[in-house]
Structure formats: structure tokens, C-alpha cells
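Participant: I'd like to ask you about the structure that follows.
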2 protein chains.
Amino acid sequence: MNNFEWHNPVRLVFGKGTISRLGQLIPPHVKLMINWGGGSVKKNGVWEQVVTALAGRKFIDFGGIEANPQYSTLMRAVGIARKEKIGFLLSVGGGSVLDGTKFIAAALEYSGADPWDILEKGERVEKAVPLGSVLTLPATGSEMNGNAVISRQENRQKLAFGSEKVMPLFSILDPMTTYSLSPRQTANGVVDTMVHVFEQYLTKDVANPLNERIAEAVLKTTIENGKKIFLEPENYEIRSNLMWSATMALNGLIGVNAAQDWTSHGIGHELTALYGLDHGQSLAIVSPNVMRYKKEQKKRMLVKYARNVWNIQGSDEDAVAMAGIDSTVGFWNSLGVKTRLSDYGIGEADFGFIADRLGGNGAKIGENRDIGRDDIASILRMSL
Amino acid sequence: MNNFEWHNPVRLVFGKGTISRLGQLIPPHVKLMINWGGGSVKKNGVWEQVVTALAGRKFIDFGGIEANPQYSTLMRAVGIARKEKIGFLLSVGGGSVLDGTKFIAAALEYSGADPWDILEKGERVEKAVPLGSVLTLPATGSEMNGNAVISRQENRQKLAFGSEKVMPLFSILDPMTTYSLSPRQTANGVVDTMVHVFEQYLTKDVANPLNERIAEAVLKTTIENGKKIFLEPENYEIRSNLMWSATMALNGLIGVNAAQDWTSHGIGHELTALYGLDHGQSLAIVSPNVMRYKKEQKKRMLVKYARNVWNIQGSDEDAVAMAGIDSTVGFWNSLGVKTRLSDYGIGEADFGFIADRLGGNGAKIGENRDIGRDDIASILRMSL
């Protein structure tokens, strides 16, 4: 088994009515800023629960953090938070609001000239304002990790950073807050959860069979409940299972010593940056084709996935592996998620641009650093 | 899904050569005490690795913490640590040394009159000296939780306490340190790991299928590797899998919202306190009979266990459940672990004493608080 280190100090508070715990969880005597997104939390009762739980405690709030949170928006929040001497940031919303909050937290304490360098140059985050979250959309896993993805529209860029310093002090997950999600948001969350598992699980052998099995447990639970949620969008058990699975997919556990292959996310982020596809939509297009393109290299795990998650029988490993991929695509289609670029009217025009961006100047991505410019273009063509 | 809170800030450092990380992990500028047990760490090279990693840093050491760590021994350590103004405790050894270290850490900061009250009266631990661990025996899960079990020979007592305050700051797990374990220690560790899972998994439905599957993943991996380890006691992969599984069995994850039924541990602790049975030995005797005695109540999970872990086929749920229990007993016997009291020459003499101790004055144990004096006596008779 490959060596690893695992450290995840996030306090996860999960269940019905848990927003009422906020008052105890936020440190006293610090100035509080609450971040939110497009306004759904103000319509579905979440905001009221938050304000009630704070029991008269003062705060300022910053709304309008977008899906795919924008650097310019976040820098406005940084300006306000700095002026107000904010000592704690609370994210109320989905993964985008939380990712944005993580960036604000890091930027506020950043000692370099330009916080964008945290994203573009991978500058290390040495310090951050403490933060917490009330999560309302299960998908990104951001609630229990130190990762964030930030976009910059004017550059058509979508870039990630990660640091233990921006792990939430706590995350409150009340599955009831997810009842009002649209079918599209719910389906995207299912796809995102599954692809998070794939990026860690469908990789080379690090001799960690327990983690392979835990990854399969997350996939099976997500699929089982993803199949049911559209019939019963207000079923607490189904919503709970989807929410807990999304957290477990990306809280570091199943990836402790995995090889990790974030190719689908890399290409998917470019598609979002260029065409505004939802994150889940972009992954549903790219991920099956990364599997197909890398079928030989990933065969050991594609076969395990097909057999253990989809119960596919047979001794022809190629056929089994392909059937697992097809089952995945079929499942996503059944949730209403499209799996081809052409479904969105996207053609080859920007393939060269995307391939250059990720694989220009000889850069290689993937678990073996062997996916270059031409491979990326091929994967995109397969996705048409 | 039942509500839960999960918070586990232990930094787990896993793998070959990781003891060398000690110097970075122990906080600087505090007086250090290193606790150890019967002396095996001084023979198998672990102590040398620890001293080398500390690179000349001064420490005092306290050896001789027993398997089933004794209150009197630990209170001697408390006296020394207090006099020396110790600011950090490092446990080097197995779960007993670590449990003892946790108690020392709590007792040093205890403001009440008698630290024994933490165990006997369940007095809350408000503060503790920080601690870390180098673990050399996978079994108890103590390396990634806030639990400890302490014995007091003169009272024939073995009692547990738990607190977030005594979670290790870090735990270093190098599977190579487990190569020198005896077959008996290794087999006991396998039993202990499995019964930790049982106490959480074989309980009533809390609608958390993901955690049920993760529990099964831990059981399958433990059994698979437990079957192989005696043929290859120095196989790194097998040792790693057993070590990682033991940690995952009791780091809180699979029990986040489980009903929890610690009946086997309760009765097992009494057997250890009275007869000096190893912890694993006591569990191997009691646990199958708790399953048999509570078969109707636990049938849902006994059937899942038999089918998903042991691949037992058939539609007769009673037969399937019993076959799962029999497979467990057969597996433990194959590891050389006995599963009857009579195998150790233990008869009925003390059954009344044990039953009174756990079920006297109408006390009830078990997930449903329905296991009383007579039930405990019945389980013991079934274990003869």
C-alpha cells in the first residue's frame, strides 16, 4: 500500500434541524460575514433558519456569488470583508458559494501582490480567515475538504486550489434544504459525486482494496438513490443518502493514496469556462470518453467497477469494461443528463484551443502524465 | 437517516518509514514523555527509529504499561509527568499503551478529587495534555479515536471512557512495525477489528446504507487478509491492509449514527478482568453468542452480513443468518483463536457475579437497553 497522510478536521453536523446549531458552532466575538449565491436560500426557508439560529448576532452579508464563482465578484467581497475587519466567514448555499468563500478566506490573508496567483501560479496558502458552511446542494464535496474552483470569465479560465487552511471549521448538512433543488441540479449532483469517485477509483493499483471497496460503496449508494429521487424529491432518506454520499466521495478518504486522475475535471472545466455548461453536464460528456480512451490502462478498475457496481457478468474483460461505461451513460441519460457535446450544439471549433490550454508546450495530464495535446483533442472528438 | 455529528481531527500518517516524521509532528518547546509497554518496541527496532527521529530532543520515558493498562501504573506515570511538567505525551506501542497514555493525559488536567471518577462515574474530561502515537499493533482503533479502556486489578474492573480531548494530535502507523507480532497478537487483532465493526453494524436500521456498505468493506478486507497473514507474516501489503482496516473499524466513521451495541465488549471486559483473557480472546467467545441470543432482533443485519461478507446463498433467512455466525466462528478457529469458555477451563462459577456487575439493580445493556441480568447469564451459558 502506498504511503499516505490523512487529516480532516472538519466538524460535520448532519441531519434534520441542524441549522439551529449555528449559534454554538460559530466562534463568539468575531465579526461575521455571510456569503450566499443567487437567492434560492432566501426563498426556501434556509436564510430564515440561519438568522434565527444566530439569535440576534450581528453580521454583514454578501450575496450574488455565482455558480462557477467569479474572481471579480469574490474580490469585491474581499474588499468589503477587509474594510469590515471580518473574522469569520459563513457560506450559505452550494459548492460554488462555499468555494468562493474559501477563496475569499485565503485572499484576505494573502501576503503576495495578487491573490489570483493562488490559482494561476499555485502559490501556497499559508493562512486564511476561518470559515464554516451551511450546505444546500450535495455535489462538490467542498463541505469536507480544502479544495475550491474559481472562474475568471474575462480570461475564460476555471482553476482550482487546495489548502488545509480553508477547510471549513464546521459544515452543517440538513438534507431537507435540498428538497427544493431542481431536477437538473439534483441530476448534476449525482453525476458530480460519481465522477469524483471515478477520478480517484479508476486509477492504477496502489494496493488499497479497502478504499476500492469504499469507493464502490459510495457509487452503489449514489446510483441506488439517484434512481429513486425523481419519483420522490421530498423523500428524506433518499436526500440524506445522496448528501452523505456526495460528502464521502470527496472528503479525502477514498483518495488518501490513490493515483488520482483529474483529466475529466480538467477538460470539463474548460467546457464550462468556454460554453457555460454546468459542471455536472461537462463531466457527463467527458468522463465516459476518458474511460474509453484510457480503457487499456484503466482496465483493471473498469472491470471491477462494472462487476461490483453494475453487477455485469461475463469473462470477456473488454466487454465487461465497456458494459460498465455504457451502464453509466445510460444511467445519466435516464436522469435527463446529456452525454454528448452535440446535444448542446457544440462542435469542434475550440478543440484546438482547449487542447493547447491543457496540453500546450508539451504539458501532460492524467494519473500517468501521459495525456497530451493530441490525446485531449481525441477525447473531445469522441465526445462530439 | 438519523442525525449525526462527525469530527475526527487526528492526523494519520501511514506507511513505510513514517516514524521519521516524528520530529515535525511533535510540537516544539514542550517537555516530552514517551510511554511504552512490555519492552517489545525496544527489541524490534521501533525505539531506535523513534529516538533517531527525535534527533537529540530530550525526553523522559515511562515503560511497563501493561496489556489492559492498570490504573495504579498510570497514576505513577501521572505523578512523574506532573513533577516534570510534561507538555506532550507520546505513546509508542499498541492500543494498551495508547489507552493508558490517554488516561494519563486526562488525569493530568483533571480538576476533580480522584481521576478514577472519569472511568467509574463518567466524569467529563474538560481538558487533557496533548498526545500523539506511534502504533505498533493494529486492533483497538485507539489511534484515531478518543476512547480508552483502563483496568483496576484490585477491584477486578475494566472500564472505558471517551473524549474528543484525548484524540491523538497524530498517529504514525508503519505496517513494518507489525511484522514481529506473534500469531496470537495478530489473530487477536483480526478478531478485535471485526467485533468493533459488529458492535456498530449488527444493529437496528438507521437508514444509512452507505455506512453499512463501508462496514462490510472493512470486514471483507480484514477477513481476506486475515486468511493470508499467517503464511506470510512479513508481507507488507497484507500487514498494511490489516492495519488500515483496524483503524477504519473504529475511527467513528461507520458508527456516526449507528445504534451501537457494545454488549460483547461489556461482557468481554469482565472476562478479561476476572480471568486475564486477552481482549480478542474474550470477544471471540462472547460475540457469536450475543449474535445467536439476539438473532431475531438483529436478523436484518445478520442476513446482510452473511450474504454480503461471506457470500452465503439461500432464501431461508434464519439459516443464512446462522451460517454467517458459523462462518465467523470457523474463521476465528482457523486463526487459532478459541471460541468457548471451556477451552480456557472457565466454568459457571462467576456467571452470577458478571451478570450482577453489568445487569445488577435492573441495569440493561445493548442497543435497545433490553439485555439484563438473566440475559447476560444466558449468553455466558451459551459460551461455555
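The values are calculated or read from the model by the stated rules, or taken from the named source; none is laboratory data. Everything numeric here is computed off the predicted structure, so don't read it as measured data. Because the Cβ atoms are built from the backbone with ideal geometry, glycine has one as well, and the counts that use them run over all protein chains shown.
Participant: Having 3 or more residues that are under 26 Å from B:MET1 (Cβ atoms) and in the same structural domain as B:LEU231 (by TED's automatic domain parsing) is the bar; report the helices (runs of 4 or more DSSP H) wholly within the stretch B:241-350 that clear it.
Facilitator: Because the criterion is at least 3 residues that are under 26 Å from B:MET1 (Cβ atoms) and in the same structural domain as B:LEU231 (by TED's automatic domain parsing), the helices (runs of 4 or more DSSP H) in the stretch B:241-350 that meet it are B:263-275, B:299-310, B:317-334.
Participant: Let me spell it out: the conditions are (1) in a helix (DSSP H, G or I); (2) within 14 Å of another protein chain (Cβ to nearest Cβ); (3) under 30 Å from A:MET248 (Cα atoms), and B:GLU5 meets all of them except one. Which number is the exception?
Facilitator: In the conditions (1) in a helix (DSSP H, G or I); (2) within 14 Å of another protein chain (Cβ to nearest Cβ); (3) under 30 Å from A:MET248 (Cα atoms), B:GLU5 misses (1) alone.
Listed here are the residues, each with its yes/no results for (1) surrounded by 23 or more Cβ atoms within 10 Å (Cβ to Cβ); (2) touching an Asp or Glu at 6+ places or on another chain (Cβ under 7 Å); (3) among the basic types (Lys, Arg).
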| position | (1), (2), (3) |
| --- | --- |
| A:PRO138 | yes, no, no |
| A:ILE150 | yes, yes, no |
| A:GLU154 | no, no, no |
| A:MET167 | yes, no, no |
| A:ILE172 | yes, no, no |
| A:THR193 | yes, no, no |
| A:HIS196 | yes, no, no |
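Participant: Can you pull out every residue in the stretch B:185-216 that is β-branched (Val, Ile, Thr), within 21 Å of B:GLU296 (Cα to Cα) and away from chain A (no Cβ under 14 Å)? Walk me through how you get there before you give the answer.
Facilitator: Taking the stretch B:185-216 as the starting set, the residues that turn out to be β-branched (Val, Ile, Thr) are B:186, B:190-191, B:193, B:195, B:197, B:203, B:206, B:214.
So of that shortlist, the ones also within 21 Å of B:GLU296 (Cα to Cα) come out as B:195, B:197, B:203, B:206.
Selection gives B:VAL195, B:THR203.
Participant: Condition check: closer than 24 Å to B:GLY189 by Cα and away from chain A (no Cβ under 14 Å). Does B:LYS58 satisfy that?
Facilitator: no
Participant: Within the stretch B:301-317, does at least one residue satisfy the condition of being in contact (Cβ under 8 Å) with a residue 24 or more places away in the chain and among the hydroxyl-bearing types (Ser, Thr, Tyr)?
Facilitator: Yes - at least one qualifying residue is present in the stretch B:301-317.
Participant: Further, regarding this structure: Go through the stretch A:163-173 and give me each residue that's out of contact with any Lys or Arg (no Cβ under 9 Å at 6 or more places or on another chain) and of a type outside the set (Asp, Glu).
Facilitator: A:LEU173 - this is the single residue of the stretch A:163-173 that is out of contact with any Lys or Arg (no Cβ under 9 Å at 6 or more places or on another chain) and of a type outside the set (Asp, Glu).
Participant: Additional query: Does at least one position in the stretch B:32-41 carry a residue that is outside any strand (DSSP E or B) and farther than 27 Å from B:MET243 by Cα?
Facilitator: No: the stretch B:32-41 contains no residue that is outside any strand (DSSP E or B) and farther than 27 Å from B:MET243 by Cα.
Participant: Oh, and also: Somewhere in the stretch A:150-167, is a residue at pLDDT 95 or above and under 30 Å from A:GLU237 (Cβ atoms)?
Facilitator: yes
Participant: Across the stretch B:250-261, which residue is surrounded by the most Cβ atoms within 10 Å (Cβ to Cβ) among those that are of a type in the set (S, T, N, Q) and touching a strand residue (DSSP E or B) at 6+ places or on another chain (Cβ under 8 Å)?
Facilitator: Within the stretch B:250-261, the match that is surrounded by the most Cβ atoms within 10 Å (Cβ to Cβ) is B:ASN251.
Residues are listed down the side, and each one gets a yes or a no for (1) surrounded by 24 or more Cβ atoms within 10 Å (Cβ to Cβ); (2) modelled with pLDDT under 95; (3) more than 9 Å from every other protein chain (Cβ to nearest Cβ):
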residue	(1), (2), (3)
B:VAL218	yes, no, no
B:GLU224	no, no, no
B:GLU234	no, no, yes
B:MET248	yes, no, no
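Participant: If you don't mind, there's one more thing I want to ask. How about the stretch A:365-384: which of its residues are in a loop (DSSP other than H, G, I, E, B), surrounded by fewer than 20 Cβ atoms within 10 Å (Cβ to Cβ) and in contact with a Lys or Arg (Cβ under 9 Å, 6 or more places away or on another chain)?
Facilitator: Passing the criteria: A:ASN368, A:ASP370, A:GLY372, A:LEU384.
Participant: Now for a separate question. Of all residues in the stretch B:200-214, which are part of a helix (DSSP H, G or I) and in contact with a Leu (Cβ under 9 Å, 6 or more places away or on another chain)?
Facilitator: Going residue by residue through the stretch B:200-214, those that are part of a helix (DSSP H, G or I) are B:200-201, B:209-214.
B:GLN200, B:TYR201, B:ASN211, B:ILE214 - these are the residues of the stretch B:200-214 that are part of a helix (DSSP H, G or I) and in contact with a Leu (Cβ under 9 Å, 6 or more places away or on another chain).
Participant: If you go through the stretch A:66-89 one residue at a time, do you hit one that is part of a helix (DSSP H, G or I), within 14 Å of another protein chain (Cβ to nearest Cβ) and touching a residue at least 24 places away in the same chain (Cβ under 8 Å)?
Facilitator: Scanning the stretch A:66-89, I find no residue that is part of a helix (DSSP H, G or I), within 14 Å of another protein chain (Cβ to nearest Cβ) and touching a residue at least 24 places away in the same chain (Cβ under 8 Å), so the answer is no.
Participant: While we're on this one: Looking at this structure, is B:LEU54 surrounded by 16 or more Cβ atoms within 10 Å (Cβ to Cβ) and over 23 Å from the mean Cα position of the chain (by Cα)? So that I can check it myself, show each step before the final result.
Facilitator: Values: surrounded by 16 or more Cβ atoms within 10 Å (Cβ to Cβ): yes; over 23 Å from the mean Cα position of the chain (by Cα): yes.
Considered against the rule, which asks whether it is surrounded by 16 or more Cβ atoms within 10 Å (Cβ to Cβ) and over 23 Å from the mean Cα position of the chain (by Cα), B:LEU54 comes out as yes.
Participant: Name the single residue that is farthest from B:ARG373 (Cα to Cα) among those in the stretch B:344-353 being exposed (fewer than 14 other Cβ atoms within 10 Å of the Cβ) and not small (Gly, Ala, Ser).
Facilitator: B:GLU348
Participant: Further question: Looking at the stretch B:250-262 only, could you name the residues that are more than 14 Å from every other protein chain (Cβ to nearest Cβ) and more than 14 Å from the chain's Cα centre (by Cα)?
Facilitator: B:ALA259, B:GLN260, B:ASP261
Participant: Quick check on A:THR136: is it of a type in the set (Val, Ile, Thr) and in the same structural domain as A:THR339 (by TED's automatic domain parsing)?
Facilitator: no
Participant: Same structure, new question: Applying the selection to the stretch A:8-25, what residues are more than 8 Å from every other protein chain (Cβ to nearest Cβ) and either crowded, with 21+ Cβ neighbours inside 10 Å or assigned to a strand (DSSP E or B) (or both)?
Facilitator: Residues satisfying the conditions are A:ILE19, A:LEU22.
Participant: Within the stretch A:55-65, which residues are in contact (Cβ under 8 Å) with a residue 24 or more places away in the chain and either part of a strand (DSSP E or B) or over 15 Å from A:LEU131 (Cα atoms) (or both)?
Facilitator: Selection gives A:ALA55, A:ARG57, A:LYS58, A:ILE60, A:ASP61, A:PHE62, A:GLY63, A:GLY64, A:ILE65.
Participant: Condition check: under 28 Å from B:ASP278 (Cβ atoms) and either out of contact with any Cys (no Cβ under 8 Å at 6 or more places or on another chain) or not basic (Lys, Arg) (or both). Does B:GLY100 satisfy that?
Facilitator: Judged against the criteria, B:GLY100 is a match.
Participant: I'd like to check something: does the stretch A:144-156 contain any residue that is in a helix (DSSP H, G or I) and farther than 24 Å from A:SER72 by Cα?
Facilitator: Checked the stretch A:144-156: at least one residue is in a helix (DSSP H, G or I) and farther than 24 Å from A:SER72 by Cα.
Participant: When you go through (1) surrounded by fewer than 23 Cβ atoms within 10 Å (Cβ to Cβ); (2) under 19 Å from A:THR177 (Cβ atoms) one by one for A:GLY93, which number turns out not to apply?
Facilitator: Checking A:GLY93 against (1) surrounded by fewer than 23 Cβ atoms within 10 Å (Cβ to Cβ); (2) under 19 Å from A:THR177 (Cβ atoms), the one that fails is (1).
Participant: Just name the residue that is nearest to B:PRO209 (Cα to Cα) out of those in the stretch B:286-320 that are within 27 Å of the chain's Cα centre (by Cα) and hydroxyl-bearing (Ser, Thr, Tyr).
Facilitator: B:TYR305
Participant: Just to be sure, is B:LYS31 without any contact (Cβ under 8 Å) to a residue 40 or more places away in the chain and either on the phi < 0 side of the Ramachandran plot or not assigned by TED's automatic domain parsing to the domain that holds B:LYS204 (or both)?
Facilitator: no
Participant: Here are A:LEU169, A:LEU159: which of them is more than 20 Å from B:LEU210 (Cβ to Cβ), in the same structural domain as A:LYS121 (by TED's automatic domain parsing) and in contact with a Pro (Cβ under 6 Å, 6 or more places away or on another chain)?
Facilitator: Step by step, each of A:LEU169, A:LEU159 is checked, and only A:LEU169 is more than 20 Å from B:LEU210 (Cβ to Cβ), in the same structural domain as A:LYS121 (by TED's automatic domain parsing) and in contact with a Pro (Cβ under 6 Å, 6 or more places away or on another chain).
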